[in-house]
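Please read the structure below before turning to the comments.
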Amino acid sequence: MEGTDVEVSLAEGDAATVLLYVARRFAYEIDMLKSGDIQGHTTNRNVGAPFESNHLSGTALAIRPLHYPLGADVKNTGMNEAERIVVTDILTDCEGVVVWGGDLKPVKQSHFHIDVKPGDPRMDRLTARIRGWNGTPGEGAGTIDAFAPARRRRAARFQ
């Protein structure tokens, strides 16, 4: 994963582009990731919630799954308000292509997965935008201020 020493196995192509964008934003804006902080593709079919099966296809990742485990009491052990603001901003940028486990039942705040079918035009638009940001200095992950008033207003409309 660019900008870190972390490696993660994901489905190649658009899914990897989008999920790596999510992970990079987390690393740059919430806390830098270290080896073992992220899980992607797995062949282990033991899942605690149906949405975790997305890991089998490489279209999901879990960021710090031990820190934000399945079913954790969000109020006492989950992400703090600032972290949730950043995640909301990331999801807003992803325009419905990515689902966050913090919005699912049971809750798993470490979980993110692709939520569109192959060929969905939203995925094409998002990956083109991310690739554009990745190729343009001063844009994309690492340059965004999720707390800027305009971004907060945009995220509030998205929710």
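The values are calculated or read from the model by the stated rules, or taken from the named source; none is laboratory data. Note that the coordinates shown come from a computational prediction; the quantities given were computed from them, not determined experimentally. Cβ coordinates were reconstructed from backbone atoms using ideal geometry, including for glycine residues, and neighbour counts include every protein chain displayed. Ligands, DNA and RNA are stripped out before the accessible areas are found, and what is left, the full protein with its side chains, is counted by its heavy atoms. Shrake-Rupley method; radii C 1.70, N 1.55, O 1.52, S 1.80 Å.
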Problem set entry | 5 angstrom amide H check on residue 42, placed H, neighbours 5+ away | 56, 58
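Excluding ligands, DNA and RNA, what is the solvent-accessible area per residue of the chain at a probe of 1.4 Å, expressed in Å²?
Averaged over the residues of the chain, the accessible area is 53 Å².
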For this session: Could you work out the relative contact order of the chain, using alpha carbon pairs under 8 angstrom and six or more residues apart, expressed as a whole percent?
Result: 24
Exercise. What does the charge count near residue 33 come to, summing +1 for each Lys or Arg and -1 for each Asp or Glu among other residues with Cβ under 13 Å from its Cβ?
Worked result: -2
Problem set entry | Of all accessible heavy-atom area on the chain, the percent that carbon and sulfur account for (1.4 Å) | 49
Exercise. By its C-alpha gyration tensor, with a ≥ b ≥ c as the square roots of the eigenvalues, how is the chain shaped: rounded for a/c under 1.5, else prolate for a/b larger than b/c, else oblate?
Worked result: rounded
For this session: Rank-order 81-88, 152-159 by packing density, defined as the average count of other C-beta atoms within 10 Å over each peptide's residues, highest first.
Result: 81-88, 152-159
Problem set entry | Overall form of segment 1-91 per C-alpha gyration tensor (a/c, 1.5; a/b vs b/c) | oblate
Problem set entry | Gaussian network model of the chain, springs between alpha carbon atoms under 10 Å - residue of 24, 64, 45 with greatest fluctuation | 45
Problem set entry | Positive minus negative residues near residue 101 (Lys, Arg vs Asp, Glu; Cβ under 13 Å) | +1
Seminar exercise, completed: segment 100-144 and segment 1-54 have their Cα centres apart by a whole-number Å value of 12
